[in-house]
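Structure first, commentary second.
Here, each number is a calculation from the coordinates, and none is a lab measurement. As the structure is a computational prediction, the values presented were derived from the model and not from experiment. A quick note on method: Cβ atoms are made from the backbone with ideal geometry, for glycine too, and the neighbour counts reach across all protein chains shown.
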Amino acid sequence: MVIVPYDLIIDQATHTKKFVLGIIQKELHLTGVILIGALAMVIFLAVFVSRRLTGPVTQLSNAATKLSRGDYQTRVNIHTGDEFQELGNSFNSMIEELKLRQNQLVQANKLASLGVLVAGSPTKSIIPIRSRITLLAPNLLILSCMIMTSNYNEK
């Protein structure tokens, strides 16, 4: 039987304990650094993706607000290469159509006002019927051309 001093056994056990705890501490430190890095990456990606998604929606919302106030010059500039870009292009086309329709309505209202002005009241008319027709004919021609163009564009 070999007798080993107690202090030597305790020293070896203490040294082994410190060595194992050091390895565990390094591994925990490395794991913490990896987790913090992964969390930072997830946050960065979440911010990037959310801005990529909300940017076009915000642009469309702002343009719709301007359009509702009568600004037919507003446009969206979305170049994402996906459905948002298609939606932006459709929105811009819609603005052009609305602008065209608005101009047609203004012209039609002007022509209607002109017709009422020319026709006047049948009992108080000072312009002979032949003169009224002569004044109204060019405007009716323009109106009919606008209606035909509108019907052609709808097809």
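Please work out the FRET efficiency for the pair N103 and T54, using the Cβ-Cβ distance as r and a Förster radius of 41 Å; give the result to the nearest 0.05. Write down the numbers at each step before the final one.
Working: r = 34 Å, r/R0 = 0.83.
Once the sixth-power term is evaluated, E becomes 0.75.
Ranking request for peptides 29-39, 63-73: highest mean number of other beta-carbon atoms within 10 Å first, then the rest in descending order.
Working: 29-39: 10.0, 63-73: 12.5.
Averaged packing, sorted descending, gives the order 63-73, 29-39.
Rg and Dmax in Å for region 55-95, alpha carbons only: what are they?
Rg and Dmax of region 55-95, Cα atoms, are 9.5, 29 Å.
So what's region 1-57 giving for Cα Rg divided by 2.2 N^0.38 Å, two decimals?
Numbers: Rg = 24.7 Å, N = 57, 2.2 N^0.38 = 10.2 Å.
That ratio works out to 2.41.
If you wrap a convex hull around the Cα atoms of region 27-82, how much volume per residue is inside, in Å³? Intermediate results must be reported in sequence, preceding the final value.
Working: hull volume 4.4 nm³, N = 56.
So the per-residue Cα hull volume is 79 Å³.
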